[in-house]
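No lab work stands behind these numbers, since they all come straight from the coordinates. What you are looking at is a predicted structure, and each value in this text was computed from that prediction instead of being measured. With ideal geometry, Cβ positions are generated from the backbone for all residues, glycine too; neighbour counts draw on all protein chains shown.
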Amino acid sequence: MKFPETFTSMKAKMNSNVSFAIENMNTALKDLCEDTEAKPSAKLKATQEYLALYMRLENEVQREKDGKENYKQNKLNTVIKQHQVDKLENPDGDVPDTALKQSKFNPTMSSSVS
């Protein structure tokens, strides 16, 4: 029995051919632009599409970096806010470590109710 293709498996198969596709795209662009018989409008269209693809990839990479940075910043802000709350709840300066506030639940503990 053969399972249907999933997006993950398709992406994995495609990843191995990405460098080959980019190499051929570069070669095709060079060949088209060096061809003396090609129309200038065809050359312009090809270079515009190439640059548009490059800009879209650049934007995606930047968006991914920004997302990671935002995640880190939000995580840091959460830690800072939690520390501020702990200070407000314990004005005498006795701010417990987060490790001390962890649940002491152990699934193998026996019931204390008899």
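With the highest mean first, a sort of the peptides 42-51, 27-36 on other beta-carbon atoms found within 10 angstrom per residue produces 42-51, 27-36. Based on every Cα atom in the stretch 1-97, Rg and the maximum pairwise Cα distance Dmax equal 25.8, 84 Å. Calculation over all alpha carbon pairs of the stretch 47-91 in 10 angstrom steps from 0 returns a P(r) of 25, 24, 18, 15, 11, 6, 1 percent. Cross-link reach is defined here as a Cα-Cα straight distance under 25 Å, omitting same-chain residues fewer than 8 places apart; for Lys39 the lysines meeting it are Lys30.
Within the shell defined by Cβ-Cβ distances under 15 Å, the residues around Val61 carry a net charge of -1, with Lys and Arg each +1 and Asp and Glu each -1.
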